[in-house]
Amino acid sequence: MSLSISKLPRAAARRCRVACVLIVTALLAPGVALANDGFFQNGYGVKTQGMGGAGIAFPQEAVSIAGNPASAAVLGNTVEFDAEFLRPSRSAAIRGNSLGPDAEYSGDGLRRFAVPEMGLTHQLGKKWAAGIAMYGNGGLDTKYGINPYARFGASRTAGVALGQVLISPTIAYRITPNQSIGLSLNIMYETVSVYGVQAFGVFSQNPGALSDRNSDYGFGGGVRLGYLGRLTSWLQVGGMWQSKTMLGRFKRYAGLLANGGNLDLPSSYGVGVDVTPLARVDIAVDITRINYHGVNAIGDSFDTIYHGNPLGATDGPGFGWKNCTAIKVGINWHATDRLQLRVGYNHSGATVPNYETFPNIMAPNTTEHQYTVGATWTISPKWEVSAMGLYAPSVILYGAPNAIPAAFGGGTVDLKSSVLALGGGASYHF
């Protein structure tokens, strides 16, 4: 039950090989920034993203297997290529600090990103199906031309670049004509680069592996399970669970990241429903949970640094992120036999507490609301093209009065971020 590109029609196979090369080249570049729930994508595939990311129970495209592996059983023989173009905005403001005047800092040295993804599904008889998805996570990327930590002893520019590329080979099985289960193996390549935080060297167990060490990389693996079931003609449900994706240690940043340089991808889980109140209308709702607190480098409180727990130590200080719950709602309307229109909304709970804004200057994730639109045009029985747009308006997270500790002159830090994104893609049914 293996799947080979060679089984596709010659033209489709050639497109798939070219797409794979382009995706690997683009995604392995440092700094993948995405419209996100933290640094997870809001959804996988242009159609799903146009519905606010709701797709666990409403798979529409081959990349949907990245959200729910059981989708492979109902998607048929499809290959899909997408690209998303993003313009994020990140900034921070320091107020009431005794070591310098109040000031605002722009982290938008990296302004525009193009992120491709692809998916392929293939039916292996009446009950079995297989597929593969290739996609990325990210969103922590910043580049401050004027270093916010300069007043504390840092130098040069400051920023962080995190890129995660996942390849997910998938197998799905129909347990009944209307129910399926699926399993994906998540193979991840991750790059990380941090610079301009030399001021924290005195708090590190390994100051030589703290900052300005260029990019480091690692490989890891995990699994994702999924279920998809049509209960009635108007109701379909789905669920997914993704394990923590375990990686090796980033030795170049063993003095910064907890557990000697460990930065795993958090586990997550979610449920979804798809309701068809009218013959040509689908309403999809997803609720997902991302366990950021389960990864020490992300979820541990930075405050422990001032209580004798150095950076890089076992269970060492992190960014202090909370677990994230995202609620996603989308509507898909078959306006004509060829045209589909969709809208969506995604609300993600705040990941950064207001007392953890000081370390999160490097990763000011504050967006909570995402508004999306999308459309699909069917060119022929085999080809269709889709587009989406996303706007996450600016949200300011005002730091607690003592967000900057006394050891750094006191005061607070306010964070702000927003995202604008456009995406397009094409699907071929064979």
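Given a Förster distance of 41 angstrom, what is the FRET efficiency for residue 279 paired with residue 400, based on the Cβ-Cβ distance and rounded to 0.05? Given R0 = 41 Å and the Cβ-Cβ separation, E is 0.20. Extension gain, residue 175 to residue 333, is 53.9 nm, computed as 0.36 nm per intervening residue step minus the present C-alpha separation.
Taking the C-alpha atoms only, the angle from helix 10-27 to the longest principal axis of the chain is near 10 degrees. Put a dot 7 Å past the Cα of residue 377, heading toward its Cβ, do the same for residue 325, and the two dots end up 4.1 nm apart. Each listed q (0.06, 0.07 Å⁻¹) maps to a log10 I(q)/I(0) for region 5-429 from the Debye sum over equal C-alpha point scatterers, namely -0.25, -0.33. The label-point distance for residue 430 and residue 315, in a model that sets each label 7 Å from Cα toward Cβ, rounds to 5.2 nm. Magnitude of the charge dipole for the chain, about its Cα centre and with charges confined to Cβ atoms of Lys, Arg (+1) and Asp, Glu (-1), is about 1140 debye. The convex hull drawn around the Cα atoms of region 383-425, when projected onto a plane and averaged over every direction, covers 4.2 nm².
Every read-out reported here was derived from the displayed coordinates using simple, explicitly stated rules and does not represent laboratory data. Treat the numbers as computed from the prediction; the structure is a model and nothing was measured. Glycine gets a Cβ as well: all are built from the backbone with ideal geometry, and neighbour counts include every protein chain shown.
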